Every structure is written in C-alpha cells, then in structure tokens.
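Please treat every number below as a calculation from the coordinates, not as lab data. Being a predicted model, the structure only gives us computed values, none of them experimental. Counting neighbours? That spans all protein chains shown, and the Cβs are built from the backbone with ideal geometry, glycine included.
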Amino acid sequence: MIRLCLVFVLFFVSVLVQSQQNDGYDVSQIHIAQGKTPESMTVSWVTKTSSDSIVVYGTSSDHLDNKAAGETKTYKFDYPDYGMYESGVIHHVTIHNLKPATTYFYRCGDFSLGFTSGVESFTTMPPVGDVNQFSFGVVGDMGQTTDTASTINHILSNPSLGMILHVGDLAYADCDQKLWDSYGILIEDLAKER
Ligand SMILES: [Fe+2]
C-alpha cells in the first residue's frame, strides 16, 4: 500500500514538474500551408515565449531524420476597444525538396528545450501534370462558432480530401487579436494536417 502511494505521489510530482516546465513554451496553433510547388510545405505554430523554430520530418513516423529550421515573428496591436495586444512567438518553417504525393510525418518545436508537438502528418500534392483525379475541400467565412466545429469535423471525417482551400474570412477577429489565437486553436486539428 505504501509503495502504491509512493508511485502516485511520484506520478503527481512528475505531472506538476512537467506542467511547470511547459509554462511559456506550449506549442500551439499548429497549421500547415502549401508551398509554391508540391515539393514544399510551411509549418507554423505559436509559443508563449521565445524558442527555436525546428521541424523534424520523414516518411516514417519512427524515423524523422530530416530537419528544417525557420524564423519567428511577433507583433503588437493597440486598439481602443481591446487595449494593447502582444502576440505569442509565431514560428514559420518552410520544408523544401519533398516528394510529391507522399505522406510525411513531422514534429515541430524546440528540441533542445524539449518543447515539441506530437507526431503529426500531411500528404504532399500530386506532381505537376498529374492527370489522376484529385479531391479537395473549399471553405470560407469560417468564423469560430459551433458551425465552425461542425465543418471541421465534417472535413476531418473525409480522408479523401487531399487539401483544403480556404477562400477567406477566417477568424472574424474584427481587431480583437485574441480571437486570432482562439481561432488558431479551434482549427488546429484540421490545419495541422491539410
Ligand atoms: Fe464573410
């Protein structure tokens, strides 16, 4: 019994230490964007404070042997109705020389600090000139309502959609910058893979 209690105590201490370490470095709002060619993809995410911008990737989830580095940006926005907003650290990493029509697995974050995403995946576009059928989804006026969540789940349930073309009107932030963050969190499950 004493041994069992000790295990529980150690478990909770470990969770507590983990959550304190994560404070300030959570990798959130992960999203990908198609590059200019089927061979490139940009991975973006946000952390609360400064950290490295690294993506490790590969065609097997067990072997993320390739590595790409990127850059960070921050911004401030002052608006009378909402006061001064200071963004988190916004990371962008563009991966080049990918194979077309290939599924890649990736993790992003700061690997020296140990603050990273889980293993995510995306599939690159078919090669230029490919004549096979290709399905993609088109969304717009997305906002952040229960309808948005329903739309996201609807798309996620259809793995045949190779990419999503978002035609605009994303967060309806209307100058309230915090709404960009809540939108980024809301769409992450979809945006980190298609
Ligand atoms: Fe709109």
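Just to be sure I understand the rule: take each whole DSSP H helix in the chain, project its Cα atoms onto its long axis, keep it if the span is 20 Å or more and its mean Kyte-Doolittle hydropathy is at least 1.0. Which ones pass?
Numbers: long enough: 2-22 (30 Å, 1.50).
In the chain, the long hydrophobic H runs are 2-22.
List the residues of the range 148-183 whose backbone N lies under 18 Å from a point placed 7 Å from the Cα of Y85 along the Cα-to-Cβ direction.
168-183
Output the pairs from K99/K192; K48/K178; K48/K99; K48/K76; K67/K178 with a Cα-Cα distance over 25 Å in this structure; if there are none, say none.
Values: K99/K192 19 Å; K48/K178 13 Å; K48/K99 33 Å; K48/K76 14 Å; K67/K178 31 Å.
Violating the 25 Å limit, Cα to Cα: K48/K99; K67/K178.
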